[in-house]
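Notes for the one structure printed next.
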Amino acid sequence: MLSGGHTYVPLFCGNCGIKGGHVIRARQNFAFWLCNTCSAKWEPMVGVSLIPDEVVWEQIREAQLEDYGRLLTPQEVAESLSDGNSILSKLARDLPVHD
């Protein structure tokens, strides 16, 4: 489905698989939805978001290649993280905090 310049794909309940709404294709790997029946059972898990490390590292790699044209050295990564406006700082702020 195409709407507003975005391609949408169907979204299914993460527990029972019933079809729900739609999500932008670029976000499909991070979308999660529970139908009303399953949400009552799994309510304690609502709001918990886990992104696999491989996905995070790929985002970091792609951001470096896009913004800098290459992978940064450890020193350059540290400098980039100290700049609150850099793409790496923005990605770091979006990472979930673990206790």
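A short reminder: the numbers here are calculations on the coordinates, not readings from a lab. Everything numeric in this text was worked out from a predicted model, so none of it was measured. Cβ sites come from the backbone with ideal geometry, for glycine too, and all protein chains shown count toward neighbours.
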Can you tell me the FRET efficiency between R93 and C35 if r is taken as the Cβ-Cβ distance and R0 is 35 Å, rounded to the nearest 0.05? 0.65
Got a sec to turn the phi values of region 10-22 into Karplus ³J(HN,Hα) couplings, 6.51 cos²θ - 1.76 cosθ + 1.60 with θ = phi - 60°, whole Hz, x for Gly and Pro? x, 10, 10, 4, x, 10, 9, x, 5, 5, x, x, 9
Whose amide H sits under 5 Å from the amide H of L34, counting only residues 5 or more places off or on another chain, with H placed in the peptide plane? G14
Taking placed amide H atoms and a strict 5 Å upper bound, the residues 5 or more places from G20 or on another chain that come that close are L11, F12, C13
Quick check: from the Cα gyration tensor, does region 53-94 come out rounded (a/c under 1.5), prolate or oblate? oblate
Whole-Hz ³J(HN,Hα) from phi, Karplus 6.51 cos²θ - 1.76 cosθ + 1.60, for region 85-91, glycine and proline x: 9, 6, 4, 5, 5, 5, 5
Counting only residues 5 or more places away or on other chains, whose amide H sits under 5 Å from the amide H of Y8 once H atoms are built in the peptide plane? L2, S3, R25
With θ taken as phi - 60° and the coefficients 6.51, -1.76 and 1.60, list the Karplus ³J(HN,Hα) couplings across region 36-44 in order, rounded to whole Hz; mark glycine and proline as x. 4, 5, 6, 5, 5, 6, 9, 3, x
